[in-house]
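No lab work stands behind these numbers, since they all come straight from the coordinates. Small disclaimer: the values here were computed from a predicted structure and weren't measured. Backbone-built Cβ (ideal geometry, glycine too); neighbour counts: all protein chains shown.
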Amino acid sequence: MGGITLAGLTGLLWRRLRGGACPSWFAFVLDNPVMQRFAGAAQLMRYMDLQPGMRLLDAGCGPGRLTIPFARRVGPQGEVVALDVQAGMLRRLAGRMGRSGVSNVRLVEGGLVKGRLMETEPFDRAVLVTVLGEIHDKASALAELFDRLKPGGLLLVTEALPDPDFLLPRRVERLVCAAGFVVLARHGRFCAYTRVFRKPG
């Protein structure tokens, strides 16, 4: 247990000093019982009213802790696009997909930059779970999400400590609303919270 704690603290310090996306070798920090308790798939799906047949963008999907449950919820008539800047994370997710039998997930390597996400069909839902703080050009990323969501579509943003890129709730709301979204719901507490935003229309 002490070794895991030390590894976690070392990884957090490394992230704070270097910034950027969580490395694939540090994926255990994202995929653990603590994260499941504060940002579990079931509660996030409830917050954003994820339904069968929907298209969802899991931006910064990491190793797929949430991607697989999301894909099961939208079912074979729906689709999850799993986006991540790291090939290592997508490889982990691909392995998890093979073991789970899920086939309605499309893996896309890349980041959220306005005009770069080559999607012709709009999304019903998009999620940024402990991801927004890692993105350098947040305004561009949020503008891209706004463009890619259907009118009335929902964006879910979750932040949780001890993520070194943790953003305060008021900053998240300011950034996302500046992109054109409106706050729909607030969940959780300061140290682990979720905000649900709606694209007007």
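What shape does the stretch 44-201 take by its C-alpha gyration tensor, where a ≥ b ≥ c are the square roots of the eigenvalues and a/c under 1.5 counts as rounded, a/b above b/c as prolate, and the rest as oblate? Note, shape of the stretch 44-201 comes out rounded. Indicate the gyration tensor shape class of the stretch 129-172 (rounded, prolate or oblate), computed on the Cα atoms with a ≥ b ≥ c the square roots of the eigenvalues: a/c under 1.5 is rounded; otherwise a/b larger than b/c is prolate and the rest oblate. Prolate shape, in that a/c is at least 1.5 and a/b is the bigger ratio. Computed about its Cα centre, the charge dipole of the stretch 65-201 is approximately 400 debye, with only Lys, Arg, Asp and Glu carrying charge at their Cβ. Modelled label positions at GLN51 and CYS177, each set 7 Å beyond Cα in the direction of Cβ, lie 2.8 nm from each other. When Lys and Arg each count +1 and Asp and Glu each count -1, what net charge do the other residues less than 10 Å away from PRO169, Cβ to Cβ, add up to? Result for the neighbourhood of PRO169: +4.
As an exercise, use a Förster radius of 25 Å and the Cβ-Cβ distance of ASP137 and GLN43 to find the FRET efficiency, rounded to the nearest 0.05. Efficiency computed from Cβ-Cβ geometry: 0.25. Computed over neighbours whose Cβ is under 9 Å from that of LEU156, the net charge equals +2, Lys and Arg +1, Asp and Glu -1.
Rounded to the nearest 20, the Cβ-based charge dipole of the stretch 133-201 about its Cα centre (Lys and Arg +1, Asp and Glu -1) stands at 400 debye. Rounded to the nearest 20 debye, the dipole magnitude of the stretch 35-135 is 360 debye, with +1 charges on Lys and Arg beta carbons, -1 on Asp and Glu beta carbons, and the Cα centre as origin. The stretch 147-201 and the stretch 126-143 have their alpha-carbon centroids 10 Å apart. Which of rounded, prolate or oblate describes the stretch 73-112 when judged by the alpha-carbon gyration tensor and an a/c cut-off of 1.5? Oblate shape, in that a/c is at least 1.5 and b/c is the bigger or equal ratio.
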